[in-house]
Amino acid sequence: MKHAQCYKSGYPRPKFVRDSFLSLDGKCEFAFDYDNNLDYSSGKKQLPLEINLPFAYNTESSGINEEKDCETVWYRKQFAFKKSRGKRVFINFDGADYFTKVWLNGKYLGTHEGGYDRFTFEITKEIKENNVLVVCCVDPFDPAYPKGKQRHLDHNTGCFYKPTVGIWKTVWIEETGENKIDWVYPETEYSECRAIVHYEVDKAEKGTFLSAEVYFNGNKVAETETEILNKEGKILIDLENRKEQLPMKPWSAGVPQQFFDVKYRLKKNGKVIDEVGSYFALVSYTTDKDRILINYLPATYLRMVLNQGYYVGGDLTGTEEQIYNDVCLIKEMGFNGVRMHQKIEDERFYYYCDMMGLYVWCEMPSAYVTDDRTVTALLTQWASIVKQIRGFASVMAYVPFNESWGALQVKENERQQNFVNAAYFVTKTLVPDRLAVGNDGWEHTFTDLLTVHNYSQDKESLYEAYSDTEGFAAGERVKDLHTRSAFSDGYGYDGQPIILSEFGGVKYSPDDTSWGYGNAANTEKELENRIAGLVKATAENKKIAGYCYTQFTDVYQEKNGLLTFDRKPKISLEKIKHINEIYL
């Protein structure tokens, strides 16, 4: 596998890399606050337990492994830091669920709401050589807030699992210049073979310039510099590599090595004051009638697998090695895409999908009721998440809602339709060069794709369900209890590509108390034959542009994975690959 030039092992933000990096992961003091009445904010009092960050307390990797639910938890971390002269210092939390308050050396830094997006505090004035960081996380078991597959009841049930409370992604510190690059977002234009790099800097100061040096396979192919007149702006970069026989170098799952390395430098009066390493790729995702186009060519049949991103030992928190191994396994099984279901993954996952060639659908974890808190929380966090993830070449589509969760009356309720539409248009505004699915599975409003879910275990009925595309899209009922109307009231089919974005779910496990769809397969051969039959029924239906098989691995009581939870194949990887690729 070819790495980007900016790659650093263990670095949590692989598309925006600075030289400075101090991880605060590892041993940390910890306390449960069952009655929500403790106060450790001063940092002077030692906490009674020890936890291994960034793992949640109810995981084995945390070192605590406590099953009892607790909504409020505290952390106290002592660390040393030597600040560089003339630098600013920032602390980053890649994920802490759900309401998070932070103190450093007794000084209150602020609060963040949300469990899935990165947040940052400046600590230039507060940090010393020896420091005490205190964090308090409150995670209400309330279905109004986005929770994904974390249960809000007091027990696991069906396809919902134990909660992830508190810090669950890396906490880390970096230094920047006195002025800094806040973000860059490369929007590539395939038709013009160029990139429009949107950027934001901390300050618009006289005499400040932003430069970009672009490389392909180590050879410089472009260099540009622009004066910073406003905090936000754009840089136009020509991506025609005239040193190659074929000067256009687009990225796809088939040629993932075709990406461009970039060095961004912020300069003041000719001196570099901030520098970021990154990369981007020339790729286009569009639709034409009933087909997805990648780089303006009809896509190879989309063969995705649903992945909930749970890992042995860490639940929602995976190590870089685990993340890399999962991408390798998905590729080995012959899938060319993955739908990250109800989880915003560690950014290194998207990085490895870029480097190894795997299309990704990014999906917002759902709430399960709709009130003012839900609307505010979901739209605010979703916008932050899209801005954070955008720019990864592999991310094909964004999905803010799944199966009407968080908008359960969307079919007939105009306010909930407006809620879903708001999320769709926020997505299309922030990433106009990507596809968006407002509500995946059924009861669509605005959408770039008609996605459907059908867990029929009978190949004939699965094929028959979508043999009449016009009838299905017009609202005729599909013969499966897990499927509802294709569109909400007042919306209709406009020729979008149809993706069977959830199907399969074949249960195979000796544990009769486990959960899955339909009757379980009794033998390995029966499992293989049923999967093959369902895939055949989908792939031979020429009106369907692709599928997403449920699912990659078992997750706790849900035993319908192609692999067990500890990544052991239920049937060989070669057989799964053969099933995926035989109908191409």
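The values are calculated or read from the model by the stated rules, or taken from the named source; none is laboratory data. Since we're looking at a predicted model, the values are computed, not measured. Neighbour counts are summed over all protein chains in view; Cβ atoms, including those assigned to glycine, are modelled from backbone coordinates with ideal geometry. In case anyone asks, the SASA skips ligands and DNA or RNA and just uses the protein heavy atoms, side chains included. Shrake-Rupley method; radii C 1.70, N 1.55, O 1.52, S 1.80 Å.
General observations
- Among beta bridges identified by DSSP and lying wholly in the range 381-516, the antiparallel ones come to about 10 percent.
- Among Leu430, Leu534, Leu236, the order of accessible area from largest down is Leu236, Leu430, Leu534, computed with a 1.4 Å probe on protein heavy atoms.
- Taking 0.36 nm per residue of separation and subtracting the Cα-Cα distance, full extension of the segment from Lys577 to Ser20 would add 196.3 nm.
- The solvent-accessible area of Lys428, taken with every protein chain present and a 1.4 Å probe, is close to 50 Å².
- Ranked by how many other beta carbons lie within 10 Å on average, peptides 389-400, 454-465 from highest: 389-400, 454-465
- The range 1-131: equivalent-ellipsoid semi-axes (sqrt of 5 x gyration tensor eigenvalues, Cα, Å): 26, 20, 14
- Most to least accessible of Trp515, Trp103 (protein chains only, probe 1.4 Å): Trp515, Trp103
- With only the Cα atoms considered, the chain has a convex hull volume of 147 Å³ per residue.
- Whole-number D in µm² s⁻¹ for the range 170-236, Kirkwood Cα-pair radius fed into Stokes-Einstein, 37 °C, 0.692 mPa s: 242
- Share of carbon and sulfur in the accessible heavy-atom surface of the range 327-366 [1.4 Å probe, %]: 48
- Using the alpha-carbon positions of the range 427-584, Rg (one decimal) and Dmax (whole number) come out as 16.5, 49 Å.
- Rounded percent of accessible protein surface that carbon and sulfur make up, the range 431-561, 1.4 Å probe: 49
- Full extension of the chain between Ala474 and Val272 yields a length gain of 66.8 nm, computed as 0.36 nm times the residue separation minus the alpha carbon distance.
- Put Asp440, Asp290, Asp512 in order of accessible area, highest first, and with a 1.4 Å probe you get Asp512, Asp290, Asp440.
- Pairs beyond 26 Å (Cα-Cα), from Lys147/Lys203; Lys15/Lys107; Lys83/Lys234; Lys77/Lys107; Lys27/Lys331: Lys147/Lys203; Lys15/Lys107; Lys83/Lys234; Lys27/Lys331
- Per residue, the chain exposes an accessible area of 39 Å² to a 1.4 Å probe, with every protein chain left in place.
- Computed from the C-alpha gyration tensor, the three semi-axes of the ellipsoid equivalent to the range 517-584 are 21, 13, 12 Å, from longest to shortest.
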